[in-house]
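The values are calculated or read from the model by the stated rules, or taken from the named source; none is laboratory data. None of these values were measured; they are calculated from a predicted model. Here Cβ is always computed from backbone atoms with ideal geometry, including for glycine, and neighbour counts include all displayed protein chains.
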Amino acid sequence: MQFEHLIASAIMLTTPILLAAMGGLINRRAGIVNIGLEAKMLAGAFVAVIVSSATGSWIIASLAAALAGAAIGWLFSLSITRAGANMIVAGLGLNILVAGVLGFILSWVYRSSGTLRLPDVALLPKILPSGLEFVPLVGPALAMLDPLTLLAWMTTGALPFVLASTRIGLWIRATGNASEMARSVGLQHLTIQDFTTACAGFFSGLAGAHLALVSLGLFNEGLTSGRGFIALAAFYFGRDRPITTAFACMLFGALEAAQIRLQLEGLPPKLIGTLPYVMVLIALVVVSIQAQRKSST
Amino acid sequence: MRALPSPAGLQAVGLRKIYGSVVANRNMSIATQAGSIHAVVGENGAGKSTLMRLLQGVERPDGGEIFVDGVRVDFTNPGDALRHGIGMVHQEFMIAPDLSLLENLVLGEEPVKRSWGPLSWIDWPTARTQGQALADQIGALIDWDQRAANAPVHILQFVEIIRLLRRGCRTLILDEPTAVLAPVQVDELFALLRNLRTQGTALLFISHKIGEVMALADEVTVIRQGETVFHSSVAECTADEISRHIVNGELHHVANDEAPQPQSELLSIASLNARSVNRSHTLHNISLTIGSGEILGIAGVAGNGQNELVECLVGLRPSSGLVTLNGIALSALNPSQRRRHGIAYISADRRHEGLSMQASIETNVVAGSHRTSPISHGGWLNRAAMRKIAKDRLQALDVKYDRPSDPVSTLSGGNQQKLVFAREIATSPQVLIASQPTRGVDLNGIAAIHQLIRDFRDGGGAVLLISEELDELIALSTRVAVIADGTIVGTVKAPASNLPLIGRMMLQGAAA
Ligand SMILES: Nc1ncnc2c1ncn2[C@@H]1O[C@H](COP(=O)(O)OP(=O)(O)OP(=O)(O)O)[C@@H](O)[C@H]1O
Ligand SMILES: [Mg+2]
């Protein structure tokens with residue numbers, strides 16, 4: 001029983017990381033390391049709560065969050081591809097800027113510090129009919145399955161084929177691998193990069209919507225708590241391959257679920273809270289050691 | 001639109017191109033014909049590459065006209081030229097290393113079954129059929145699933161050519177295509193180019209090697225100081241005539257002097273071994289010595305471990321065994337420490353290892369000396385001193401440049417190579433490791449570089465010379481060691497009289 005709930009919460013906690021990681025992966029395949037995923041996630045969560053409260057529709061809210069993320073991503077991309085900003089510095093700047101602007105809007109418009117509670121926020125629905133709770137092992141997970149989780153996994157499944165066999169997939173890989181060459185065969189390499197950064201924003205926005213609308217229905221300044229960076233670690237860990245990246249995301253999701261469990265057991269919460277991040281660090285070290293070993297045989 | 005008397009093919013009339021104060025092209029006129037190979041020759045910096053950039057739409061001329069099939073055109077980018085059937089195979093190959101050869105082939109014009117814009121699924125079987133058909137037609141053997149990074153250079157060149165053909169190119173421009181190829185690969189390329197000619201493609205072909213021109217081309221145009229000064233059919237002129245036009249009568253001959261007796265042993269390599277890293281060649285049990293006043297040549301078919309050996313010696317690749325310079329063990333030292341002990345290195349890969357292409361000419365020519373006085377003054381960079389030293393070094397080797405603060409990429413290929421020499425010999429090293437030192441260098445430049453190497457030897461230096469030009473090895477080397485499959489299969493004294501033996505050892509290894 002305990003274990004089944006652990007699986008359910010692990011899957012739920014994996015979704016936002018997975019969404020952001022798939023976006024970031026596409027972006028990196030085109031040659032841009034996006035460390036602004038966190039910002040787009042946060043903005044997505046904020047927009048999702050407001051739109052959901054105003055319209056009462058989780059679909060419109062999720063879409064709005066995705067579009068907000070995409071718009072921020074696109075502007076961010078322009079600053080890199082057209083204005084020549086350094087992608088790391090610009091990404092850091094974006095994270096700080098978005099957090100600052102959201103904090104400002106919170107206190108100025110909503111007269112609140114840190115948390116936004118709005119009435120009538122529509123949460124993500126459960127998509128499967130009730131009664132599945134009693135399926136062994138995955139029952140609770142199935143019962144909790146929400147549309148964005150489904151979308152995240154469908155994206156993960158489709159992405160390898162899109163990258164390998166569609167024109168845009170090939171363009172993205174070529175741009176990331178040799179942008180000058182892509183240009184010389186007539187591709188608009190900067191536009192392709194902008195498109196992928198917008199994609200990263202789109203999926204990060206959805207990730208934010210999931211965080212905000214899956215159970216709480218409120219926005220909090222600390223809502224994302226570094227998940228954008230964990231997503232970044234996930235696709236580094238997965239070496240930009242969708243399926244391996246998804247495994248990394250699941251690992252991090254499971255760690256988070258375990259961490260919450262351990263806090264409930266009465267272990268020091270701050271210390272336990274560092275667990276996923278410590279694991280990310282360890283995972284990255286292991287991956288790079290392996291990569292080095294591999295290249296020297 | 002103005003029609004010209006001979007309408008077919010690509011034609012340029014009176015082209016001009018000016019960069020700052022350098023007139024790179026003054027008055028260039030050239031015409032190609034279908035089914036003919038047109039060689040373009042000239043000294044380093046004469047303006048050949050610039051002309052090709054104009055014809056290919058990479059840059060726009062400041063004057064003059066370009067015609068395609070008699071119709072005046074104005075290319076603003078390479079895409080324009082491509083649409084008129086003109087394509088270029090670049091010196092720096094336009095290939096994405098992580099993609100497969102097939103993916104590289106179709107990129108930019110992918111075949112699809114049903115078109116959904118960018119989301120269309122690529123029709124890989126059709127792509128393969130198209131590529132294979134063209135490859136068969138021109139006689140190229142290509143493994144389409146190979147990752148480009150793992151394919152040999154001439155295969156990458158072939159893929160580029162097939163890509164251009166597939167996109168409808170009827171005029172192909174090749175800028176020094178043979179500079180990076182081993183002799184066998186050159187033969188394959190030439191066979192392919194001859195097939196292309198038979199099928200009616202027009203080819204523009206830049207080379208510094210008159211032998212290649214005589215063997216391959218139908219027509220030749222000589223460029224001197226930005227002007228086309230001579231044009232003839234190859235059948236109607238001689239190699240000497242072409243050479244004379246290139247240098248305008250100023251061909252420097254290097255006296256084939258008697259080499260001095262090598263003195264004491266300077267560099268010694270004892271049982272050097274290296275593992276394979278990233279598909280590099282392994283090295284087994286290499287032992288060599290070079291005396292002061294000696295040039296030791298390394299002969300071998302390309303890719304038999306020459307590059308790896310050089311990298312081990314300069315400290316870029318880990319190896320076991322003992323390398324000593326003047327009795328001092330180098331094995332544990334990093335590249336900069338080895339430099340300080342007197343090792344100088346001319347890399348075969350000028351664009352990546354020899355130079356920092358984006359950095360300025362002066363930075364490149366003083367690099368490595370920036371931590372020593374007078375350039376470094378109490379840890380600060382003394383700009384004036386740096387500039388002066390840069391000027392002196394550039395002048396000593398007669399490098400032609402516009403402003404020392406220009407990026408080194410604005411220098412012509414041959415002048416870039418001279419710059420590397422200027423830097424490496426400026427610090428009076430004891431050992432010069434020179435890998436393909438005259439690649440892309442013109443006749444007089446080669447003479448100058450050969451003289452430099454001899455002067456270095458006469459000054460008591462030791463030279464390790466790696467070259468794919470057997471003539472060069474034989475002309476310069478006191479002894480030639482032959483490398484095959486990562487090991488030294490033998491050393492030949494008096495190489496000039498033992499040429500057949502060297503050739504046999506290169507191909508058959510120790511069995512010869
Ligand atoms: N982008 C540029 N900016 C300034 N000068 C340039 C630029 N490109 C070329 N030049 C100059 O124009 C002249 C002609 O150069 P070009 O590269 O056409 O010579 P080349 O005939 O191809 O020589 P090589 O045989 O050495 O390749 C040189 O003096 C070079 O320094
Ligand atoms: Mg050139």
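Numerical summary
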{"quantity": "Residues of the stretch B:266-297 satisfying the condition of being more than 14 Å from chain A (Cβ to nearest Cβ) and hydroxyl-bearing (Ser, Thr, Tyr)", "calculated": "B:SER268, B:SER271, B:SER287, B:THR289, B:SER292"}
{"quantity": "Subset of the stretch B:393-425 (residues that are in contact with a Lys or Arg (Cβ under 8 Å, 6 or more places away or on another chain), among the hydrophobic types (A, V, I, L, M, F, W, C) and more than 24 Å from B:ILE298 (Cα to Cα))", "calculated": "B:LEU397, B:VAL399, B:LEU411"}
{"quantity": "Elements of type strands (runs of 3 or more DSSP E) contained in the stretch B:403-512, each with 2 or more residues being free of Cβ contacts under 8 Å to residues at least 60 places away in the same chain and more than 30 Å from B:VAL23 (Cβ to Cβ)", "calculated": "B:487-493"}
{"quantity": "Residue within the stretch B:13-22 that is within 14 Å of chain A (Cβ to nearest Cβ) and of a type in the set (Phe, Trp, Tyr) present", "calculated": "no"}
{"quantity": "Single residue of the stretch B:35-55 satisfying the filter (of a type in the set (A, V, I, L, M, F, W, C) and in contact with a Leu (Cβ under 8 Å, 6 or more places away or on another chain)) that is farthest from ligand 2 (Cβ to nearest atom)", "calculated": "B:ILE37"}
{"quantity": "Tally, over the stretch B:348-402, of residues that are in a helix (DSSP H, G or I) and at positive phi", "calculated": "0"}
{"quantity": "Residue in the stretch B:121-131 that is away from chain A (no Cβ under 11 Å), touching a residue at least 40 places away in the same chain (Cβ under 8 Å), more than 19 Å from B:LEU10 (Cβ to Cβ) and buried (at least 19 other Cβ atoms within 10 Å of the Cβ) present", "calculated": "no"}
{"quantity": "Residue that is nearest to the other protein chains (Cβ to nearest Cβ), among those in the stretch B:56-81 that are in contact (Cβ under 8 Å) with a residue 40 or more places away in the chain and within 16 Å of ligand 2 (Cβ to nearest atom)", "calculated": "B:GLN56"}
{"quantity": "Qualifying residue in the stretch B:87-103 (condition: touching a Cys at 6+ places or on another chain (Cβ under 7 Å) and surrounded by 16 or more Cβ atoms within 10 Å (Cβ to Cβ))", "calculated": "yes"}
{"quantity": "Hits in the stretch B:82-105 (condition: at the interface with another protein chain (Cβ under 10 Å from one of its Cβ atoms) and without any contact (Cβ under 8 Å) to a residue 60 or more places away in the chain)", "calculated": "B:ARG83, B:ALA96, B:PRO97, B:ASP98, B:LEU99, B:GLU103, B:ASN104"}
{"quantity": "Odd one out for B:VAL40 among (1) under 29 Å from B:LEU107 (Cα atoms); (2) within 23 Å of the chain's Cα centre (by Cα)", "calculated": "(1)"}
{"quantity": "Answer residue from the stretch B:132-152, given it is of a type outside the set (Phe, Trp, Tyr) and surrounded by 17 or more Cβ atoms within 10 Å (Cβ to Cβ) and is nearest to A:THR166 (Cα to Cα) among those", "calculated": "B:ALA148"}
{"quantity": "Unmet criterion (only one of (1) within 16 Å of ligand 2 (Cβ to nearest atom); (2) more than 30 Å from B:VAL480 (Cα to Cα)) for B:ARG439", "calculated": "(2)"}
{"quantity": "Residue within the stretch B:314-333 that is under 22 Å from the mean Cα position of the chain (by Cα) and either in contact (Cβ under 8 Å) with a residue 24 or more places away in the chain or in a loop (DSSP other than H, G, I, E, B) (or both) present", "calculated": "yes"}
{"quantity": "Residue in the stretch B:151-162 that is assigned by TED's automatic domain parsing to the domain that holds B:SER49, at pLDDT below 90 and in a helix (DSSP H, G or I) present", "calculated": "no"}
{"quantity": "Breaking point among (1) closer than 11 Å to B:GLN11 by Cβ; (2) among the hydroxyl-bearing types (Ser, Thr, Tyr); (3) surrounded by fewer than 22 Cβ atoms within 10 Å (Cβ to Cβ), for B:SER36", "calculated": "(1)"}
{"quantity": "Conditions (1) within 22 Å of A:GLY44 (Cα to Cα); (2) hydroxyl-bearing (Ser, Thr, Tyr); (3) free of Cβ contacts under 8 Å to residues at least 60 places away in the same chain: number failed by A:THR196", "calculated": "(3)"}
{"quantity": "Qualifying residues in the stretch B:328-343 (those that are touching a Gly at 6+ places or on another chain (Cβ under 7 Å) and of a type in the set (D, E, K, R)) - the one farthest from B:HIS370 (Cα to Cα)", "calculated": "B:ARG338"}
{"quantity": "Selection count, the stretch B:411-442, where residues are of a type outside the set (Gly, Ala, Ser), within 15 Å of ligand 1 (Cβ to nearest atom) and in contact with a Gly (Cβ under 9 Å, 6 or more places away or on another chain)", "calculated": "11"}
{"quantity": "Residue among B:LEU203, B:LEU189 that is touching a Lys or Arg at 6+ places or on another chain (Cβ under 9 Å), surrounded by 17 or more Cβ atoms within 10 Å (Cβ to Cβ) and not assigned by TED's automatic domain parsing to the domain that holds B:GLU468", "calculated": "B:LEU203"}
{"quantity": "Hits in the stretch B:375-389 - residues which are among the basic types (Lys, Arg) and either in contact (Cβ under 8 Å) with a residue 24 or more places away in the chain or farther than 15 Å from B:SER405 by Cα (or both)", "calculated": "B:ARG387"}
{"quantity": "B:VAL153 β-branched (Val, Ile, Thr), facing chain A (nearest Cβ under 9 Å), closer than 22 Å to A:SER184 by Cβ and away from ligand 1 (no atom under 16 Å from the Cβ)", "calculated": "no"}
{"quantity": "Matching option when the condition is within 16 Å of ligand 2 (Cβ to nearest atom) and modelled with pLDDT of 90 or more, among B:VAL431, B:VAL482, B:VAL408", "calculated": "B:VAL408"}
{"quantity": "Lone unmet requirement of (1) in contact with a Gly (Cβ under 8 Å, 6 or more places away or on another chain); (2) surrounded by 17 or more Cβ atoms within 10 Å (Cβ to Cβ); (3) among the polar types (S, T, N, Q) for B:GLN225", "calculated": "(2)"}
{"quantity": "In the stretch A:183-204, the residues that are aliphatic (A, V, I, L, M) and within 7 Å of chain B (Cβ to nearest Cβ)", "calculated": "A:VAL185, A:LEU187"}
{"quantity": "In the stretch B:163-186, residue farthest from ligand 2 (Cβ to nearest atom) [restricted to those that are under 27 Å from B:ALA8 (Cβ atoms) and either assigned to a helix (DSSP H, G or I) or touching a Lys or Arg at 6+ places or on another chain (Cβ under 6 Å) (or both)]", "calculated": "B:ARG166"}
